[in-house]
Structures are given as structure tokens and as C-alpha cells.
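Here the structure is laid out as C-alpha cells; the discussion comes afterwards.
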Amino acid sequence: MNKIYLTFILVFILATANTNLLYSQDGDNFQKNADKAYASYNYKAASEMYVQLAQNKIFKVRNLTRLADCYVKLNNTPIAEKIYEQLTVLTQNSPDILKYYALVLKSNAKYLQAKQIFIDYIDASKDTASVLKNLIGCDSAIIWMAKPTTHKIVNQNAVNTNLSNFGVFANNKKAYFVAETKPTSKKNEYKRTGNSYLKIYKADISKDYSIINAKLDSAIYNTEKYHNGPLITNKAGDKFFVTSNHEGKKGKKIKQNKQRFRNNNLELSIYTLSGGKFTSEAFKYNNVKLYSVGQAALSTDEQTLYFISDMPGGFGGTDIWFSTLNSEGKWDKPQNAGSEINTPESEMYPTITADTLFFASSGHIGMGGLDIFKAIGSKSNWTNVSNLKYPVNSSADDFSYSIYNITQDTTNGYLSSNRLDGYGNDDIFAFTSIKENLPVFALQGKILKKPTTFSLPDTKVSLYENGIKVVDNVSTNPDGSYAFNLKPETDYALIAKKQKFQSDSVLLSTKGLKKSQIFTVDLSLDSLFEIDKIINLANIYYDFDKDDIRPDAANVLDGLFQTMIDNPTLKIELRSHTDSRANDTYNIKLSQRRAASAVNYIVSRGINANRITAKGYGEKVLVNKCKNDVECTEEQHQANRRTDFRILNY
């Protein structure tokens, strides 16, 4: 290892750390104190001691690894990145170090470098599963940043400090959030961060949705010794659901590295305001000796309470759970929100708007840290889980997304993030999402009797979306007209059919179209009453010297299949033709194979083989001048490679 470079890194770390602690104890005791602080989540103190251990040449890979982890926990990922970079050299690319290094690079938005280190980890460990989503997330982040959503994000610097401010709940022109301050004494110092315990602040919301005039909330729910908040209220503003740590030694006991300590889990309390006074009750399913419960959200009808917990029966770290209000006004036993939402990692900070759940997750494909996602549904039935992309999400932790107001043109709300360009640690941001003015499309036309311009009333016209889904069916008006509304960025197939007529169809698409447009499409249907009548099947073409049914041909044959279904006595000869290239005998054989392929396709869909026969005509019936020894374009030759049918009986 380059000792000069390592010394530079350690000096850089010391320059950014609080080194008031003096390395005056003997090495073993100092090491034990550092390890004890680390095991008890006292990352601020542990980081200061691990820095000194490294500086005083009691240098171990474990100490540097833990120092890097402390900086990650303290959200100082730039310094953590530098340490992990050196650890890859010290450990000769230990798989675990490579994995942590890649995750930190991703958190620092160095996606291309992170992607390569993830690949190095896979090569070293043969473990793809644990990093696959992160690997995909690197590619996704690059794409999302290149094409941002319509969200405009504004830092709320009137309330943000250089510490943590997050978790906005807005109601009735008031905003509640949690924040930390510098501790006034050791008694109110949260050892993990070195700052105060979280407290709830109450602020005003201005006309432009900025959060202003923040003051410490003086309500009784904000007086617990340890963490208070975040909170939510019901619509009426008289019932408060507050997350907190309560004072007392009732947290679960933990033993780690021969050290014993207590971990006070989160609890959910419900405060009711009546006559200017609060009454409180603990959520029935709290159990601080075993797990945490907190971060509540209410459904729109206020009959379902969502929250996060690491209680038994979950999928990973913390999951989103729900409880329903029963007829007696009590909350029923919690149920897990399901595997569509919850992952082996952590989900948290749920909020609800109508039938949409917003939540933060480190387990779905994201840009780094926690990303914000949304899903449609309720309780344990969720679909369409999707990332809100950039700039809602960043390479850092993004969470606590809540919608405050929706207008015809915009959606306004708040989110929290410790992104690198923020004001402090966790910051509060207001967002405005501008609804895109998407183009409007419509389809209209008439169904006519071929070869005339007479209209065909009562003809069934079907619109298919993306080739398979029937969007709508209509019957033509007395003048043969029809109309449909179309969506942007969608492929369509239009099929018209009427008994005793050959169906007709057309493909169209709105993909890539930026301006509103009305499509006008007239279809003409051939009568099936005339024996020996020949009806062309438009757009059934074959590749040169091939008899395969191409996808575009399959769509047309599907129309012929439907015609035979609608006309159960119809019998036809399906005819295939080639171009003039190759010799006559070969072309007869090729066209017979092509006709047989088309017949087999129709029969495979369920038409009796007695109703359809195959006949190859080779180059006997050309539609243009392109006979033997005549020079023609490929398009002219392809016009001769076609299929039609002759009516044998009706």
C-alpha cells in the first residue's frame, strides 16, 4: 500500500473530525471503548476514537472498516468512500469491502464507477443476487437523470438547519416536522449522532407552499425524554398519531461483542384533542421489548392505519403493516402489506393519497440509499409499484413524500432528503409536479361496401391496444360511421367485421406523436356471396425464399379466421403467389408451402380443415410487370409474394 497516500487520507479525516478526545488511555482500553461505542450505535464517539486509533498506529483493517461504517451511518459518505477505496487495497479486494465500496459510490452518484465495482464484487464472490438490483439501479439512475420528471424541488431553507429536519405532515395550512438541534447537555444528546433527540416543530404554510415560522411544538405529545415524532393527524385535526421513544428501561436487551445494552424501540401513541385537552392511549400492538412500531399513515376514509414495524412475520428490516378500524372503534390485529411492497431490505415512511401509497424503500430498484416509490391499491393488495425517479429521488436517502394539495395543473407537497446538495443533513424540500399537457388523439371513419362507397351500418368495429387487449367495441351508425378516443404512446389495431362480409383491418400508432391529431380511417368489406370471387388479403407478405408466417401477416390471418368464425358455412381456397425469381417449378413448390403455412395457421386457431384448402400458384398470377428477366425493385417483387382467397361455397 502507498503509505504516503494513506497518511494523506488519515490526515484528511482528522481534519474533518472532532479530535478533542485524547489518546491517553492504554491502547487496549481505548480499543475496547471504541468497540463498545460502535456496538451501542454511538457512531459519533466511535468515529472519533477509531480516527485516533488509526492515527496512533494501532492500525487494523477492522478499525478502518468500522470507521468507514460510522461515516456512512453519520451520512458522511464522501469520507466513507475514501476509506473504502483504501480498504480495497489493504484487503486485496475483499468481496465484502468491494460491496460496501460500491454502495457508497452509488450513494455519491458515481454510478459508472459503482457499476464496475459491483461487477468486481460479483467476480470475486460469485454472488449476483445480493447486488443485482443495485447494479440495475446504477443504469436506471443514469437514464432517469438524463430525462427528469416534471417535479420542481425547492429546499425549505427557512426551516432547514445544518442538522436534520424531515418528515413533514401538512394539514389545514399547518406543517408538522421533526428536527434535531445541538444538545444543551449530555442528558439530551443522542449518542448515535452527537446531536439532540428529535423533537416536533409546528410551522405555517405560505401561499406558495413554503414552510415558514417554525416553532417547537408545545403540545404534550412532544415532551417525551427521547425522540418525539414524526406525527400525523386525522382530517379534523383532533386525533394525533405520534411516533416516539418513551423514557424507561423497557427496551429490549442486546448483547454484542461481549457488551450488553438496551435498545429503546419506537412506539406509536394516539392523542385525542377535546375541549383543549389531550388524552392519550398507546397503540394496542406496541411491544418495545421485541420490536418497533411507528411512522403512521391514514387511508383517505380513515378506516385503515398504515405504519412501519420490524415485528415478526415481515419480509426484511422494517415492513409496512396495516390495521383496520372495527365496528367498536378499535384497531384490529396488524397485517403485513405484502410482498409487492415489502422486500428483504427496509420500507418506511408510508403516506396515502386516494388509492396511492407512497413509501421509501432500500429494497426496490433505486438510485441509492432510500428511494421514494408509489403503488396503487389498499391494505395488502398493491399493483404498479414504481420509482418516482429523478429529481424526486437522488443518490442519497429520499423519503417522507407527502402530497398536500392537488389542482387541475399541479400537485404540491413535501419530501425529505439528505442529498449531497442539501443545506444540512436531512433537509425538507417542497415539490411542485406540473401535469404534462399530453396530446389528445381520436379515431374516426366509415365502414364501406367494397368496391362501392355505400356505407355498412351495424358493422362491428373493434379497437385493440398493443395487439392483444380489446379497448372497445362499437357498431357503426346508419351512415356507417364510428369513432374512438386514443391514448398517447400506444399501438392499435382496428378490425371491422360483419356477417357475410370479409373482415378488414388496419394498424395505427400514436407513439412518438407530440401534437394532437384526429385519425380518419375508412375500411371496405368485400361481400362473400359470390362463388369463385377472389378477395385479396392485404399486407400478407413473405420474406424472399421463405414460407414463414411473419408477425404482420399473422394479424391479417387473424381477421380471416374471425371471418370464418362469423360465417360458419363459408369454404375457401387460400391461394399463395410468388415473385418471378427462381425457376417456375421451384416457385410452384414454394407457393404451395406458403399457402399450406397460412392454412395451417388458420386451422391451428380452430377452423375445420374441411373448410379451407391450400393452393400454390407460383408466378402464374403476377400483379405487375415483374415477370422473368424483367428488372424490378425489391418492393415490386414483394407485391407479388402475396396471399388471397377464392370463395368455394357459402
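If you take the alpha carbon atoms of segment 510-624 and fit the smallest convex hull around them, that volume is 157 Å³ per residue.
Partners of LYS110 within straight-line reach, counting lysines whose Cα lies under 28 Å from its Cα and excluding those fewer than 8 residues away in the same chain: LYS3, LYS44, LYS60, LYS73, LYS82, LYS99, LYS126, LYS133, LYS147, LYS152, LYS374, LYS389.
Each stretch of four or more DSSP H residues adds -39500 (n - 2.57); spread over every residue of the chain, this sum gives -7500 deg cm²/dmol at 222 nm. From the largest down, segment 308-426 spans 47, 36, 27 angstrom on the principal axes of its Cα atoms.
Solvent-free Debye calculation, one equal scatterer per alpha-carbon of the chain: log10 I(q)/I(0) at 0.10, 0.11 Å⁻¹ equals -0.96, -1.07.
A protection proxy built from the mean count of other Cβ atoms within 10 Å ranks the segments 319-330, 183-194, 364-375, most packed first, as 364-375, 319-330, 183-194. Ligands, DNA and RNA are left out, and with a 1.4 angstrom probe the accessible area of the chain is 49 Å² per residue. Rg and Dmax over the alpha-carbon atoms of segment 124-169 stand at 17.3, 49 Å. Hydrophobic long helices, here whole DSSP H runs in the chain with Kyte-Doolittle means of at least 1.6 and Cα atoms spread over 15 Å or more along the helix axis, are found at 3-16. Checking the cross-link pairs LYS174/LYS235; LYS173/LYS215; LYS469/LYS500 against a 23 Å limit on the alpha carbon distance flags LYS469/LYS500 as lying beyond it. Spread over its residues, the convex hull of the C-alpha atoms of segment 187-233 is 103 Å³ per residue. When the scattering of segment 570-631 is computed by the Debye formula from its Cα atoms alone, each counted once and equally, what is log10 I(q)/I(0) at q = 0.20, 0.30 Å⁻¹? Evaluating at q = 0.20, 0.30 Å⁻¹ gives log10 I(q)/I(0) of -0.72, -1.15.
At 25 °C and a viscosity of 0.890 mPa s, what translational diffusion coefficient does Stokes-Einstein give for segment 255-345, taking Rh as the Kirkwood radius over Cα pairs? Give it in µm²/s as a whole number.
In µm²/s, the coefficient is 167.
How large, in percent, is the carbon and sulfur part of the accessible surface of the chain at a probe radius of 1.4 Å? Within the chain, the accessible surface is 51 percent carbon and sulfur.
For a distance above 24 Å, tell me the whole-number percent of Cα pairs in segment 484-572 that qualify. Here the tail beyond 24 Å accounts for 34 percent of pairs. Projecting the Cα atoms of PHE166, PRO551, LEU443 onto the dipole axis of the chain, where Lys and Arg carry +1 and Asp and Glu carry -1 at the beta carbon, places PHE166 farthest toward the positive end.
In square nanometres, what is the average projected area of the Cα convex hull of segment 29-96?
Numbers: hull surface 17.1 nm².
Computing the convex hull of the Cα atoms and averaging its projections yields 4.3 nm².
The order of the peptides 273-279, 638-644, 29-35, 584-590 by mean Cβ neighbours within 10 Å, most packed first, is 638-644, 29-35, 584-590, 273-279.
The values are calculated or read from the model by the stated rules, or taken from the named source; none is laboratory data. Remember, predicted model here, so these are calculated numbers, not experimental data. Backbone-built Cβ (ideal geometry, glycine too); neighbour counts: all protein chains shown. For accessibility, only protein heavy atoms count, side chains too; no ligands or nucleic acids. Shrake-Rupley method; radii C 1.70, N 1.55, O 1.52, S 1.80 Å.
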